[in-house]
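Only the coordinates and a few stated rules stand behind these numbers; no lab work does. All values derive from a computational prediction rather than experimental measurement. All Cβ positions, even for glycine, are placed from backbone atoms using ideal geometry, and neighbour counts span all protein chains on display.
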Amino acid sequence: MPKIVYGLKEHDKSLASLISDRIGVPMATTQHRIFPDGEAYVRVEGGIERGEEVVIVNTMYPDTDRSLVSALLLADAVKGMGASSIALVSPYMAYSRQDRVFLRGEPVSVRAVLRALASAGLSHVITVEIHSKTLHFFPGTAVSLDPFSYMARAIGGEYDMAIAPDRGAIDRAVRVARELSISHDYLEKRRDRITGEISLKPKSFKVRGKKLLLVDDIMSTGGTIAKATEALLNSGAERVDVMVAHLLGVRGSIERVLSSGASRLIAANTLPPVGHGRVEYVDVTPVISSAVLEWLEGKKG
Ligand code: R5P
């Protein structure tokens, strides 16, 4: 019988429990402690038999580095208990934005992270809306799930267009537009690689009087979404609602986006709730659970 273990955050346990209830795979109690010197300690208590598959549920924010270490330690622990294969469910994949060398001397961080996870014994990774197509760096099998089609169905509301804040994100707006049978477009964004400063170049598409759904993968400082919202409202949009996969909730980001004029702020529950009354969460564990089930079914065949 496969088992589910979970990372150190309360949210990991909640996600694990939602997945466990949905697919009928039991959870193995997982202990997390921090030694006085700051090092992490994990222990998977019983419940795992030699030759079983194990699913580790461990999202990677907040406490990114600690979360990453906890995934590595859990993989090593269950491998040591004789797990036949181990999948990591990490709805938010850490370091995915440093996906290439922008300035000479930088690492491809996501490559380093995915290789480290594989060397700890993981053979499969399930994540949600990874920033860019980088899962080929993982030496095993890996999948990035689309939360947006599911979210678009779940959120209700009437929209005329789905908008991506930059050209690279157009695929996200396309998926939403397809689901809602509306049109889509994108803004032109530039980010200064040294200062991090963002500028948005308005394009010529017509948004006057339209109800827009602005779609992005990550909302961190809220700078991208706030500037995009302002640009769209300044171009005459009647209303801008925002939908993101990963709401990091960096300090001040929610207020920044709301004060830019966004009417709704909708996020998937890939990360712990930020505790702000205006954020609407969509539970995407049904999408994740199907992917876990698919992996387990594949193991049987
Ligand atoms: C960048 O390419 C991403 O897709 C997001 O637009 C970006 O990471 C959001 O970051 P922030 O909220 O800090 O602007």
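If one computes the Cα centroid of the stretch 52-82 and of the stretch 244-286, what distance in Å separates the two points? With the stretch 52-82 and the stretch 244-286 each reduced to a Cα centre, they are spaced 26 Å. Bridge orientation summary for the chain: considering DSSP beta bridges with both residues in this region, about 20 percent are antiparallel.
Cα convex hull of the stretch 79-225: how many Å³ per residue? If you can, show how the numbers build up before the last one.
Working: hull volume 20.2 nm³, N = 147.
Considering the Cα atoms of the stretch 79-225, their hull volume per residue is 137 Å³.
Computed from Cα atoms, the angle from the helix 285-300 axis to the main principal axis of the chain rounds to 40 degrees. Of the trypsin sites (Lys or Arg not before Pro) found in the stretch 265-301, those in coil by DSSP whose Cβ has at most 13 other Cβ atoms within 10 Å are ARG278. In the elastic network of the chain, a GNM with C-alpha springs shorter than 10 Å, the most mobile of ILE194, ILE130, ILE182 is ILE194. Here the Karplus curve 6.51 cos²θ - 1.76 cosθ + 1.60, taken at θ = phi - 60°, turns the phi angles of the stretch 14-26 into couplings of 5, 4, 4, 5, 4, 5, 4, 4, 6, 10, x, 9, x Hz, with x standing for Gly and Pro.
Charges at C-beta only: +1 for Lys and Arg, -1 for Asp and Glu. How large is the resulting dipole of the stretch 32-90 about its Cα centre, in Debye rounded to 20? Write out the running numbers ahead of the final one.
Working: 5 positive and 9 negative charges, 9 e Å.
In debye, rounded to 20, the stretch 32-90 gives about 40.
Distances between placed amide hydrogens fall under 5 Å for TYR281 paired with ALA267, all partners being 5 or more residues away or on another chain. In terms of surrounding Cβ atoms within a 10 Å radius of their Cβ, TYR41, TYR6 rank from fewest to most as TYR41, TYR6. Among the trypsin sites (Lys or Arg not before Pro) in the stretch 128-216, those located in a DSSP loop and surrounded by at most 10 other Cβ atoms within 10 Å of their own Cβ are LYS133, ARG193, ARG208. Relative to the current alpha-carbon distance between ARG97 and ARG193, full extension at 0.36 nm per residue lengthens the span by 33.3 nm.
Remark: the chain carries a charge dipole of roughly 760 debye about the Cα centre, counting +1 on each Lys and Arg Cβ and -1 on each Asp and Glu Cβ.
Given the options ILE86, ILE126, LEU293, identify the residue whose Cα lies farthest towards the positive end of the charge dipole of the chain (+1 on Cβ of Lys, Arg; -1 on Cβ of Asp, Glu). Of the options given, the answer is ILE126.
Note on the chain: Rg/Rh from C-alpha atoms, Kirkwood Rh, equals 0.99.
Toward the positive end of the charge dipole of the chain, with +1 on the Cβ of Lys and Arg and -1 on the Cβ of Asp and Glu, the farthest Cα among SER181, SER70, ILE48 is that of SER181. Applying a DSSP loop filter and a limit of 13 other Cβ atoms within 10 Å to the trypsin sites (Lys or Arg not before Pro) in the stretch 219-259 leaves ARG251.
Net charge dipole, the stretch 130-207: roughly 220 debye, given to the nearest 20, about the Cα centre with Cβ charges of +1 for Lys and Arg and -1 for Asp and Glu. Averaging the Cα positions of each part gives two centres, and for the stretch 1-24 and the stretch 169-221 these lie 33 Å apart.
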